[in-house]
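The values are calculated or read from the model by the stated rules, or taken from the named source; none is laboratory data. Here the structure is a predicted model, which means the values were calculated and not measured. Virtual Cβ from ideal backbone geometry, glycine too; neighbours counted across all protein chains shown.
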Amino acid sequence: MAFPKELVFETIDEFKEFKFGMNTIFYFYGTFCVPCKSIKPVWNDKLAKLLASKVDMIELDISKGAHHEIHTDVLGLKKIPHFYALVNGVGHAIQTSKEDELMKFIKEHYDLEEHIDFVENNDF
């Protein structure tokens, strides 16, 4: 998966049974959420180029399907925008709308150092 893909899970079981890659990042957002709108270009542009073929990128709108329950009950997350990263099958989360915090989170959890330097030093 090269670019963010929006999925809709109608039930928690459907989410639990879905075969995610070992390296997947989820972006939980709401269309009503102003901070979500501010971080969306970073997700769609910078992170899509950075993570490209290395990490599956999945968007989940909390107003659709069972996404609110997945966000709160299954993953234990509270606010949006929220990013949940599976790194070699282990989950890590950050709630932020700030580009620098999100990029730091990505650097901490994914081994993409050369690619990050390239993306940060080029205007896309």
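Can you tell which of LEU7, LEU47, LEU102, LEU60 is in contact with a strand residue (DSSP E or B) (Cβ under 8 Å, 6 or more places away or on another chain), surrounded by 13 or more Cβ atoms within 10 Å (Cβ to Cβ), of a type in the set (A, V, I, L, M) and in contact (Cβ under 8 Å) with a residue 60 or more places away in the chain?
On the way: LEU7 fails: in contact (Cβ under 8 Å) with a residue 60 or more places away in the chain; LEU47 fails: in contact (Cβ under 8 Å) with a residue 60 or more places away in the chain; LEU60 fails: in contact (Cβ under 8 Å) with a residue 60 or more places away in the chain.
The unique qualifying residue is LEU102.
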Count - residues of the stretch 82-108 that are of a type in the set (Gly, Ala, Ser) and farther than 17 Å from TYR29 by Cα:
2
Conditions (1) at pLDDT below 95; (2) under 23 Å from PHE9 (Cα atoms); (3) out of contact with any His (no Cβ under 6 Å at 6 or more places or on another chain); number of the one not met by HIS92
(3)
Would you say VAL87 is surrounded by fewer than 18 Cβ atoms within 10 Å (Cβ to Cβ), under 13 Å from the mean Cα position of the chain (by Cα) and touching a residue at least 40 places away in the same chain (Cβ under 8 Å)?
yes
